[in-house]
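*Asks:* One structure, pasted below without further comment.
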Amino acid sequence: MSDYYGTYGQKVQYLSSDPPAPQTGQVWYNSTSATLKVRALSTSGTWATSPNLNAASSTGGAAGIQTAALTFGLPGPPGDAPTLISQSWNGSSWTTTPSLPRGGDYTSGFGTQTAAVSAGDGRPSGANYSNLWNGSTWTAGNNTSQYGYAAVGLGIQTAGMLAGRYDGGIQNYVETFNGTTWSNNPADLNTSRYNPMGSGTQTAALIFGGNLDPGPVTGATESYNGTSWTTVNSLNTARDAGAGSGTQTAGLCYGGSTGSATGATELWNGTSWTSNPTSMNTARAGLNNTLGIQTASLAVGSGPANLSVESWTGPGTATTRTVTVS
């Protein structure tokens, strides 16, 4: 039988610990753990538990990426005003930051950790608030052009979008934000919905899922090219109140409600959705909007409001694996 050296022309390194920065394809033997290891690309994505929030959260807004995030707003007790707290994430821990000046319940969010937008409010009745974050303080911004809440937010602080909402009935409204002013978008969604998920930017967006109240949740997906919405292939698992990450052509959908909470995770390749073999560690609905890209995302909050956070590492990421030798 041929050995590894004879087959591949390289000797397997014999090390007492894993190398600090192994290259993809590198193979070594760890003498301490007595295991043969390889650095290879993952074939499916995985979820891992991350440090908890300082304050429990659900159905709030969020902005940023997996290692630099901001989350804000959440429901208060029934009959009370929503909680306005915001929290910042540096990749290892959460810090409580100044509170929103208004709104906070079923708010939408978009932008970055240091330049974010909060928009909408659902209690005691739907409102058209917006707030702007500069990295240290929130200020009240101009009101959105449409009254309502439970929309999805996409984009950056100077070029953002809200799509889908509830204002006493489901709507297909879309509006845009230029950093100062909200404007009705000429093209609305093909399917009216609230609590949808999304990924992308103001001019290249993907909207998926949502609630058709009265009626079931949907997996309907629409793609936006800056001018018009096109209905494309639906999610494999219809849901609402989950979260999305990524771009118009490389999207991620996770969590949500199918009637009960789900941890189902799906990836979009620009044409169709593929279900990831591994779901979230905790099935959850009422997540805080969008945080990250298709290969690196952060799941924050769920209802009823809780502290837990999960971190996503997508397929195609280099990971170290133990090789089983028979």
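*Asks:* Give me the residue from the stretch 275-284 that is of a type outside the set (D, E, K, R) and either open to solvent by less than 20 Å² (accessible area, probe 1.4 Å) or touching a Pro at 6+ places or on another chain (Cβ under 6 Å) (or both) and, out of that set, farthest from residue 43 (Cα to Cα). Outline the logic, then answer.
*Replies:* Taking the stretch 275-284 and keeping what is of a type outside the set (D, E, K, R), we get 275-283.
Of the ones still in play, those that are also either open to solvent by less than 20 Å² (accessible area, probe 1.4 Å) or touching a Pro at 6+ places or on another chain (Cβ under 6 Å) (or both) are 276, 280.
Details: 276: 10, 280: 16 Å.
In this case the residue turns out to be 280.
*Asks:* Within the stretch 64-72, is there a residue that is part of a loop (DSSP other than H, G, I, E, B) and either within 27 Å of residue 146 (Cβ to Cβ) or among the β-branched types (Val, Ile, Thr) (or both)? Steps first, answer last, please.
*Replies:* Let us first name the residues in the stretch 64-72 that are part of a loop (DSSP other than H, G, I, E, B), namely 66-67.
Cutting the leftovers down to either within 27 Å of residue 146 (Cβ to Cβ) or among the β-branched types (Val, Ile, Thr) (or both) gives us 67.
Yes: one or more hits.
*Asks:* Quick one: would you say residue 108 is polar (S, T, N, Q), open to solvent by less than 40 Å² (accessible area, probe 1.4 Å) and in contact (Cβ under 8 Å) with a residue 60 or more places away in the chain? Step through it out loud before you land on a result.
*Replies:* On the way: polar (S, T, N, Q): yes; open to solvent by less than 40 Å² (accessible area, probe 1.4 Å): yes; in contact (Cβ under 8 Å) with a residue 60 or more places away in the chain: yes.
Answer is yes for this residue.
*Asks:* Right, here's the next one. Among residues belonging to the stretch 12-35 that are in a strand (DSSP E or B) and under 20 Å from residue 317 (Cα atoms), point out the one that is least open to solvent (accessible area, probe 1.4 Å). Before you say what the answer is, go through the steps one by one.
*Replies:* Going through the stretch 12-35, the residues in a strand (DSSP E or B) turn out to be 13-15, 27-30, 35.
The next check asks that each one be under 20 Å from residue 317 (Cα atoms); those that pass are 27-28.
Values: 27: 26, 28: 1 Å².
For the stretch 12-35, the residue satisfying everything is 28.
*Asks:* (1) under 21 Å from residue 203 (Cα atoms); (2) out of contact with any Leu (no Cβ under 7 Å at 6 or more places or on another chain): which one isn't true of residue 116, the others all being true?
*Replies:* It fails just one condition, (2).
*Asks:* Sticking with this one: Kindly provide the set of residues from the stretch 36-55 that are open to solvent by 30 Å² or more (accessible area, probe 1.4 Å), closer than 18 Å to residue 287 by Cβ and among the aliphatic types (A, V, I, L, M), ordered by number.
*Replies:* 48
*Asks:* Pairs please, first residue from the stretch 183-207 and within 18 Å of residue 158 (Cβ to Cβ), second anywhere and aromatic (Phe, Trp, Tyr) and open to solvent by less than 40 Å² (accessible area, probe 1.4 Å), Cβ atoms under 6 Å, 6+ apart in sequence or on different chains.
*Replies:* Matching pairs, first to second residue: 205/224.
*Asks:* For the list (1) assigned to a strand (DSSP E or B); (2) open to solvent by 20 Å² or more (accessible area, probe 1.4 Å); (3) in contact with a Leu (Cβ under 8 Å, 6 or more places away or on another chain), I need the number of the one condition that residue 191 fails.
*Replies:* Failed condition: (1).
*Asks:* Of all residues in the stretch 21-47, how many are closer than 29 Å to residue 251 by Cβ, modelled with pLDDT of 90 or more and of a type outside the set (Gly, Ala, Ser)?
*Replies:* Count: 2.
*Asks:* Still on this structure, please answer the following. Touching a residue at least 60 places away in the same chain (Cβ under 8 Å) and either open to solvent by 10 Å² or more (accessible area, probe 1.4 Å) or not acidic (Asp, Glu) (or both), is that true of residue 301? I'd like the intermediate steps shown before the answer.
*Replies:* Details: touching a residue at least 60 places away in the same chain (Cβ under 8 Å): yes; either open to solvent by 10 Å² or more (accessible area, probe 1.4 Å) or not acidic (Asp, Glu) (or both): yes.
Yes, satisfied.
*Asks:* Then there is this: So which residues in the stretch 255-274 are open to solvent by 40 Å² or more (accessible area, probe 1.4 Å) and hydrophobic (A, V, I, L, M, F, W, C), if there are any at all?
*Replies:* Passing the criteria: only 261.
The values are calculated or read from the model by the stated rules, or taken from the named source; none is laboratory data. The structure presented is a predicted model; accordingly, all values stated were derived computationally and were not measured. Glycine gets a Cβ as well: all are built from the backbone with ideal geometry, and neighbour counts include every protein chain shown. We work out accessible area using only protein heavy atoms, side chains counted, and drop any ligands, DNA or RNA first. Shrake-Rupley method; radii C 1.70, N 1.55, O 1.52, S 1.80 Å.
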